[in-house]
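Have a look at the structure below, then the notes.
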Amino acid sequence: MWSFLKKDILVLFRDKTELAVLLLMPLVLTSILGFALGGVMSGSTEGISSSVAFVQKGQTEQDVKRFKEEVKQLPIPDEAKAQISEAVDSFQPVNVITDVFNSDEFNEMFQIKSMNETDALSALSNEEVSAILIVPEDFTYEALRKMVLEQGEGSELIVQTGDHSSFSASIFEDVIEIIINQLNLGSAIAKETGEEGVVPSFENDSSELGDVQSVTDKKPMSPLQYYTFAMGVMFALYVGSTMAHKGYVENFQNVFNRIILSGKHPMMYLSGKGISTMLLVFIQLVILFTISVLVLRSFMMDDIIEWAGIALITFVYAISIGSVGALLTSITMRANSSSITGVFSGGIVSILAFLGGSFVPKTQLPEFISVLGGWTPNGLALTSYLQWSQGLGFDFILPSLIKLLIFTIIILSISLMIFPRKRVV
Amino acid sequence: MLETVNLKKVFKQNVAADDVNLYLDQGESVGLLGPNGAGKSTTISMISTLLRPTSGDVKWHGKSVIKNPNEIRDVLGVVPQEIALYKELSALENLKFFGKIYGLKGKQLDKKIQEVLEIVGLTERQKDLVKTYSGGMKRRINIAVALLHEPVIIIMDEPTVGIDPQSRNYILEMVRQLKEEKGMTVLYTSHYMEEVERLCDRIYIMDHGKVIATGTKEELTSILSSEETIIVDFDRPYPNLVNKLEKNESILQVTETDNGIKLIVPKGSRQLGTIFNLAEKEEAQITSINVQVPTLEDVFLHLTGRKLRD
Ligand SMILES: Nc1ncnc2c1ncn2[C@@H]1O[C@H](COP(=O)(O)OP(=O)(O)OP(=O)(O)O)[C@@H](O)[C@H]1O
Ligand SMILES: [Mg+2]
């Protein structure tokens, strides 16, 4: 058995280009998709990725004065009035925003350019900035009124993104929203988007923002992280067809006869292919995840348990693709033609990848597609990865893993049935 | 030791092997001669338990191998017609893999590998990938793999097809040595009658799935002992002359060759005069004339009316 495995691996290592494509292609695609859709050079420490314009309409001091005037008219004790106006001197809503802008964490992601509205708009259309944060006239006044006196509607901060609205713009929006929520500035956020629905609904990686915390209870996920998993599960499928195809070009017909003549059970050949497929998938995903984490800094796990979960999912998925490799080998041998591996790698992989959410996040697919995707091995694996890395527990991923194992058993039984045993006298 | 009994294989409507009866005795070398599609490979596959016969049986020491194939597999070395090797691996890696699946291990395996490499003369090139080998070298490694487990019988399916004369000589010499020095029993398939003539003690001639003649080379050619072959070369083709020769009843067979004609005539029937006369009448210029004793090729031609290689 070991000799079969060793032979398969040896053969595989002979074709360096093919091996490189299998192992590195998902990495390349992950980076491309992660960056193209993300637009964020996320993770790199110097990482200034996009500029945003900051437009402050109106005058803070005037607003403060106006507010103090109003406080004076109030039928409350003078002591209280003095306290309020003291507080207002030391705390101004806009300062919260500028403080955040001046923080190191924020500057790692965004470069803030203060400018007037006209300049900002032209910078946006020239794509010099990816978004504008507009502090409207009366912002300080309205915000203070809402915060201190619980009066009025509060104010709105306006985040304007352009036609070319990139992912970083949406992160920026999210950041502002988080600030508002956290500090309860008595303000809402109004989004003015030139174009709708082009921004995937990812959340930014909170670790980039230091102590600013995400508003969701799930851990946020960066596009790089998403595509690391998405491309990983997709390219693993290619390993299956590559192994089967290797068997074909290796002229198994003749070699296989030798194996039968040696008195070895022909099933050895099949198991060799299945196990080497499995190993290769595992290695492929480990390489992908390692490089993605270390070099692209796509995501980080807090502790060993979380990594163990990723390893477990990878292992179960590798087994299931091993069975796919065995099935394709069986069919190829039975049909004595490599057409099935061609069809598989040329079409079926793409369909499975689409259904499973490797191209477009599942949440953005029509429901029946994501239901179908829930039955593909890659879809199941991707779901498990996403759930697990968002901090959902083992209970969440267990059903997917069980489904994957059931899938494996079914596929293995089919491949055993198809496997051409009639050659044995 | 090994025999086939009315061995038959039908593929759809195509009868690839039809009631083939042949046997091999310990230490002899037997040739299976026939043109493309004669059914040689089919017969060999059935003997080596890789193909189930439609009917008939293969017997090893009197026992059917169909019910119990492992016994014969152990003693059989099969050299397939196609190169059955991993082209991406080196000769050494191939030998290691196939040696291991035959249950050889460690030092014993290494020793055996070097031994067979020596036999096929590829010790120097053992580390090179098979795909970088010449056609002849691939054939030789293909044979080496079949020798690893020290088989008693070696079955070779056209081991010299499509290679240069030098490699071919090497292989033929190697087979001869295996038989004479190691006492191996050889079943050798070919459509080159020279090879079979040179190597084999006994010969089966197959055509259209049937064994049409069998015996030693002498026995087979003696089928034609009452005939002789006359080869006449001309400066150019003379169709009229061929026509007239064909009409002549004392000439048994006329075939056109590249440079002239080949005639089969009853032995001692003095046809040379007739040929000269006809040639004169047609103003045909004879460039050479040659009277031959029959070859296996002639036997085949005689039996089937066709040449071994078309
Ligand atoms: N698997 C198969 N399915 C259908 N027909 C087959 C199969 N194998 C062989 N045949 C047919 O059986 C006949 C005999 O083939 P075989 O390969 O035994 O000939 P051969 O004597 O070995 O010829 P060659 O000298 O070309 O190797 C041919 O007509 C061939 O087309
Ligand atoms: Mg053949």
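Of the residues in segment A:30-60, how many are surrounded by fewer than 18 Cβ atoms within 10 Å (Cβ to Cβ), in a helix (DSSP H, G or I) and modelled with pLDDT of 70 or more?
Summing the residues that are surrounded by fewer than 18 Cβ atoms within 10 Å (Cβ to Cβ), in a helix (DSSP H, G or I) and modelled with pLDDT of 70 or more in segment A:30-60 gives 2.
Checking residue B:142 against (1) surrounded by fewer than 21 Cβ atoms within 10 Å (Cβ to Cβ); (2) within 12 Å of chain A (Cβ to nearest Cβ), only one condition comes out false. Which one?
(1)
Please determine, by comparing only the residues of segment B:157-175 that are farther than 21 Å from residue B:43 by Cα and of a type in the set (Ser, Thr, Tyr), which one is farthest from ligand 2 (Cβ to nearest atom).
Within segment B:157-175, the match that is farthest from ligand 2 (Cβ to nearest atom) is B:170.
Are any residues in segment B:77-95 within 16 Å of ligand 1 (Cβ to nearest atom) and touching a Pro at 6+ places or on another chain (Cβ under 9 Å), and if so, which ones?
B:78, B:79, B:81, listed by residue number.
Any residue in segment B:119-130 that is away from ligand 2 (no atom under 16 Å from the Cβ), over 16 Å from the mean Cα position of the chain (by Cα) and on the phi > 0 side of the Ramachandran plot?
Looking through segment B:119-130, at least one residue is away from ligand 2 (no atom under 16 Å from the Cβ), over 16 Å from the mean Cα position of the chain (by Cα) and on the phi > 0 side of the Ramachandran plot.
I'd like the residue in segment B:58-102 that is more than 11 Å from chain A (Cβ to nearest Cβ) and of a type in the set (D, E, K, R) and, out of all such residues, is farthest from the chain's Cα centre (by Cα).
Only one residue tops the list, namely B:63.
Scan segment B:37-53 and report the pairs whose first residue is in the same structural domain as residue B:213 (by TED's automatic domain parsing) and whose second residue is within 6 Å of ligand 1 (Cβ to nearest atom), with Cβ atoms within less than 7 Å and a gap of 6+ or a chain change.
Correct list of pairs: B:39/B:16; B:40/B:34; B:41/B:81; B:42/B:16; B:51/B:42.
Residues of segment B:28-46 being more than 7 Å from ligand 1 (Cβ to nearest atom) and part of a helix (DSSP H, G or I), which ones?
B:44, B:45, B:46
So, in segment B:1-20, how many residues would count as being within 12 Å of ligand 2 (Cβ to nearest atom) and either farther than 18 Å from residue A:257 by Cβ or outside the structural domain of residue B:202 (by TED's automatic domain parsing) (or both)?
The qualifying residues number 0.
Take segment B:154-194 and flag every residue that is within 16 Å of ligand 1 (Cβ to nearest atom), within 18 Å of residue B:22 (Cβ to Cβ) and in a helix (DSSP H, G or I).
The one that is within 16 Å of ligand 1 (Cβ to nearest atom), within 18 Å of residue B:22 (Cβ to Cβ) and in a helix (DSSP H, G or I): B:193.
Taking residue B:151 as the residue in question, decide whether it is within 16 Å of ligand 2 (Cβ to nearest atom) and either assigned to a loop (DSSP other than H, G, I, E, B) or more than 14 Å from every other protein chain (Cβ to nearest Cβ) (or both).
No; evaluated as a whole, the condition is false for this residue.
If you check B:277, B:290, which single one turns out to be without any contact (Cβ under 8 Å) to a residue 12 or more places away in the chain and surrounded by fewer than 14 Cβ atoms within 10 Å (Cβ to Cβ)?
B:277
Going by the conditions given, is residue B:110 at pLDDT 90 or above and either outside any helix (DSSP H, G or I) or more than 16 Å from ligand 1 (Cβ to nearest atom) (or both)?
Spelling it out, residue B:110 is indeed at pLDDT 90 or above and either outside any helix (DSSP H, G or I) or more than 16 Å from ligand 1 (Cβ to nearest atom) (or both).
Of the conditions (1) over 19 Å from residue A:257 (Cβ atoms); (2) touching a residue at least 60 places away in the same chain (Cβ under 8 Å); (3) surrounded by fewer than 20 Cβ atoms within 10 Å (Cβ to Cβ), residue B:23 clears all except one; give me its number.
Residue B:23 satisfies every listed condition except (2).
So residue B:275 passes all but one of these: (1) farther than 10 Å from residue B:232 by Cβ; (2) part of a helix (DSSP H, G or I). Which condition number does it fail?
The failed condition is (1).
For segment A:366-406: of the residues being surrounded by fewer than 19 Cβ atoms within 10 Å (Cβ to Cβ) and of a type in the set (Phe, Trp, Tyr), which is nearest to the other protein chains (Cβ to nearest Cβ)?
A:375
For segment B:34-56, which residues satisfy the criterion of being more than 11 Å from chain A (Cβ to nearest Cβ) and more than 12 Å from ligand 2 (Cβ to nearest atom)?
B:54, B:55, B:56
The values are calculated or read from the model by the stated rules, or taken from the named source; none is laboratory data. Computed from a predicted model, the values in this text were never measured in an experiment. Cβ: placed from backbone, ideal geometry, glycine included. Neighbour counts: every protein chain shown.
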